[in-house]
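First the structure, in the form of structure tokens, and then the observations on it.
Only the coordinates and a few stated rules stand behind these numbers; no lab work does. These figures come from a predicted structure and were not determined experimentally. Cβ sites come from the backbone with ideal geometry, for glycine too, and all protein chains shown count toward neighbours.
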Amino acid sequence: MPGPFVYPAAFAARALNEPGRLSARIFSHGTLEVRWYAPHGVDPQTPHTRDEAYVIASGEGHFRCEGVLTPCRTGDLVFAPAKAEHRFEGFSEDFATWVIFYGAEGGEAA
């Protein structure tokens with residue numbers, strides 16, 4: 001697999017969102033897809049068809065998943081199973097996160 005092997009947050013923050021998407025695609029390999037997401041004001045996400053993890057790159061806020069609201073901030077890992085209603089709320093202006101989609105459509109079995 002040819003490089004690069006390092007994707008700095010500063011690079012990702014400058015990447016443009018794909019048409020019709022809320023995030024920029026940074027890297028993919030097999031079922032792994034890594035994106036950069038930096039919502040402004042409101043997070044309009046809808047449930048996704050694959051499991052996803054977030055690594056908060058900057059800022060802070062709250063993550064709502066299946067009705068449970070939990071604080072999150074830079075450095076935290078957040079998980080949303082496939083098809084779960086989820087979004088970030090009350091986040092700071094500098095909020096940005098890596099989004100990591102993986103696995104099969106419908107999510108992986110626990």
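Quick check on residue 55: is it within 15 Å of residue 34 (Cβ to Cβ) and surrounded by fewer than 16 Cβ atoms within 10 Å (Cβ to Cβ)? Yes, satisfied. Residue pairs whose Cβ atoms lie under 9 Å apart, separated by 6 or more positions or on different chains, with the first residue in segment 58-76 and farther than 11 Å from residue 95 by Cβ and the second exposed (fewer than 15 other Cβ atoms within 10 Å of the Cβ) and aromatic (Phe, Trp, Tyr), are 65/79. Could you check, for segment 1-21, whether at least one of its residues is under 13 Å from the mean Cα position of the chain (by Cα), of a type in the set (A, V, I, L, M), in a loop (DSSP other than H, G, I, E, B) and surrounded by 11 or more Cβ atoms within 10 Å (Cβ to Cβ)? Within segment 1-21 (the criterion being under 13 Å from the mean Cα position of the chain (by Cα), of a type in the set (A, V, I, L, M), in a loop (DSSP other than H, G, I, E, B) and surrounded by 11 or more Cβ atoms within 10 Å (Cβ to Cβ)), the answer is no, since none of the residues qualifies.
Given the criteria in contact (Cβ under 8 Å) with a residue 12 or more places away in the chain, under 18 Å from residue 21 (Cβ atoms) and surrounded by fewer than 12 Cβ atoms within 10 Å (Cβ to Cβ), does residue 93 qualify? No: the conditions fail for residue 93.
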